[in-house]
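A.B. asks: Could you have a look at this structure, given as structure tokens, before my questions?
The values are calculated or read from the model by the stated rules, or taken from the named source; none is laboratory data. Keep in mind that what you see is a predicted model, and the values were worked out from it rather than measured. Cβ placement follows ideal geometry from the backbone for every residue including glycine, while neighbour counts extend to all protein chains displayed.
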Amino acid sequence: MPSSQTSSPSAGAPGVLLVVPWDQTHGGVNTIVRNLGSALREGGREPLFLFPGPSVASREGLSRLGFSAVYMNLRPPLVARRPLVSTVGFAATAPAVLWQLARLVRRYRIDVINVHYPEPSAAILVALRQLTGARLVTSVHGSDLTGLAHDSRERGMTAFLLRHSDAIVAPSSAYGGYVQREFPEVGGRIVAVTNGVDADAIERMATDPSVAPPSAARAGTPYFVCVAAFNPKKAHDTLLRAFAKVPPPYRLLLAGEGPLRRDVERLAAELGIEDRVVLLGEQPHAVVAKLLAGAVSSVLPSRDEPFGIAAVESMVVGTPVVVTSVGGLAEIVEHDRTGLVVPVDDPDALGAALTRIAGDAELRARLGSAARAAARARYDRREWAQRYLEVLRGA
């Protein structure tokens, strides 16, 4: 039975099942599903979230983002480390899982299944599509595909899901092209829907006097900020080598967590800049908005970036951005108009860009003003949501 906390979807409109591999509040994917869930709710199509759970028996509740949610263990058809056990386990539980999912589809009048950041366990949703007739849309975001080894079973299961999806949503034209090259069998079903942000909410958070930024941002020392997880594709190593070329008193604030945190700390010490580099850990969205608004510039030195929501959020609050010419970032930022664009893995060029923007207040003002206008014109959540909902409906 539903939890007493669960809000029931609207009885007047068919629902959308949003399948997400984690129940979290931070990160780019969570920003997207939060905005999409809000847009669906505003349009009278109450979303239902499906998250991994401890058991194949479904449990209903309220997600950390405040939406109705079901928690359920969708076992993958095959796990490479335990091929026999995983296959037998999947075969034994799949009928019960499908039966429960089909009941949810009927009960919540779901006509669209939208998978975000697909994992191998999502392959069972192909059977749910065939069983219920619901439209299956898979939204890909980045390392969900780029992290798949070419000969892996995980890639094969993801390819199976994409082949049987009615549409595949990519966050930028560049990433859509990557999907087409890597999975040519999906044909013309890839749709690039550039991500959107809630600009009004971001500006409110950035100016909210009740939200205090970390002490490192209140010290009176000018700072750059990078909002990114500590993983190889975010290129914190390149950023640190570039920042070492920026003279004091500037500091570098790093918001995020990840497996390379210790490596970042060690490299900062090796470069002799550990007293000017502050690792803040993951921060709430409101604090991130404050950090971005107070920065000299934000910086994303990524090696791979399908989109780059942190860059857009920086633009919304009028803070110029320094990014690399890769993926979606190259589509978001126009060099020397809304920010500065440098080559990938070039600490000299990145360091020169940071130094230039630090030493030129007129440049910062010009870039920041143009960035704010561009973000409002191109990345407003309402227009993005309308386009996304058209894809979900098959319009």
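A.B. asks: List the residue pairs whose Cβ atoms are under 8 Å apart, where the first residue sits in the range 280-306 and is in a loop (DSSP other than H, G, I, E, B), the second is among the basic types (Lys, Arg), and the two are 6 or more positions apart or on different chains.
C.D. replies: Val296/Arg364; Pro301/Lys234; Ser302/Lys233; Ser302/Lys234; Arg303/Lys233; Arg303/Lys234; Asp304/Lys233; Glu305/Lys233
A.B. asks: OK, next. Can you go through Ile168, Ile190, Ile110 and tell me which one is touching a Lys or Arg at 6+ places or on another chain (Cβ under 6 Å) and either more than 24 Å from Ser314 (Cβ to Cβ) or in the same structural domain as Glu60 (by TED's automatic domain parsing) (or both)?
C.D. replies: On the way: Ile190 fails: touching a Lys or Arg at 6+ places or on another chain (Cβ under 6 Å); Ile110 fails: touching a Lys or Arg at 6+ places or on another chain (Cβ under 6 Å).
Going through Ile168, Ile190, Ile110 in turn, the sole match is Ile168.
A.B. asks: Given the residues Val326, Val333, Val317, Val288, which is the only one that is β-branched (Val, Ile, Thr), closer than 27 Å to Pro171 by Cα and under 16 Å from the mean Cα position of the chain (by Cα)?
C.D. replies: On the way: Val326 fails: under 16 Å from the mean Cα position of the chain (by Cα); Val333 fails: under 16 Å from the mean Cα position of the chain (by Cα); Val317 fails: under 16 Å from the mean Cα position of the chain (by Cα).
After ruling out the rest, the residue left standing is Val288.
A.B. asks: Being in a loop (DSSP other than H, G, I, E, B) and assigned by TED's automatic domain parsing to the domain that holds Phe243 is true for just one of Gly327, Gly368. Which residue is that? Show your work before the answer.
C.D. replies: Values: Gly368 fails: in a loop (DSSP other than H, G, I, E, B).
Checking each option against the conditions leaves just Gly327.
A.B. asks: Next question. List, please: which pairs have Cβ atoms under 9 Å, are six or more places apart or on different chains, and start with a residue in the range 130-151 that is touching a residue at least 12 places away in the same chain (Cβ under 8 Å) and end with one that is assigned to a loop (DSSP other than H, G, I, E, B) and hydrophobic (A, V, I, L, M, F, W, C)?
C.D. replies: Pairs found: Ser139/Val193; His141/Phe307; Gly142/Phe307; Leu145/Phe183.
A.B. asks: Something else: Restricting the search to the range 359-370, which residues are surrounded by 18 or more Cβ atoms within 10 Å (Cβ to Cβ) and of a type in the set (A, V, I, L, M, F, W, C)?
C.D. replies: Leu367, Ala370
A.B. asks: Would you tally the residues in the range 110-154 being at pLDDT 90 or above and either assigned to a loop (DSSP other than H, G, I, E, B) or among the basic types (Lys, Arg) (or both)?
C.D. replies: So the count comes out to 8.
A.B. asks: Have a look at Arg163, Arg181, Arg107 and point out the one that is without any contact (Cβ under 8 Å) to a residue 12 or more places away in the chain, closer than 30 Å to Glu331 by Cα and surrounded by fewer than 22 Cβ atoms within 10 Å (Cβ to Cβ). Give the derivation first.
C.D. replies: Details: Arg163 fails: without any contact (Cβ under 8 Å) to a residue 12 or more places away in the chain; Arg107 fails: closer than 30 Å to Glu331 by Cα.
Going through Arg163, Arg181, Arg107 in turn, the sole match is Arg181.
A.B. asks: In the range 372-395, which residues are in a helix (DSSP H, G or I), among the small types (Gly, Ala, Ser) and touching a residue at least 60 places away in the same chain (Cβ under 8 Å)? Even if it seems obvious, please write down each step before you answer.
C.D. replies: As a first pass, look at the range 372-395 and keep what is in a helix (DSSP H, G or I): 372-378, 381-393.
This time we only want the ones that are among the small types (Gly, Ala, Ser), so: 373-375, 377, 385.
Result: Ala375, Ala385.
A.B. asks: Return only the number of the condition from (1) surrounded by fewer than 19 Cβ atoms within 10 Å (Cβ to Cβ); (2) over 20 Å from Val326 (Cβ atoms); (3) in contact (Cβ under 8 Å) with a residue 40 or more places away in the chain that Leu125 does not satisfy.
C.D. replies: Looking at each condition in turn, Leu125 falls short on (1).
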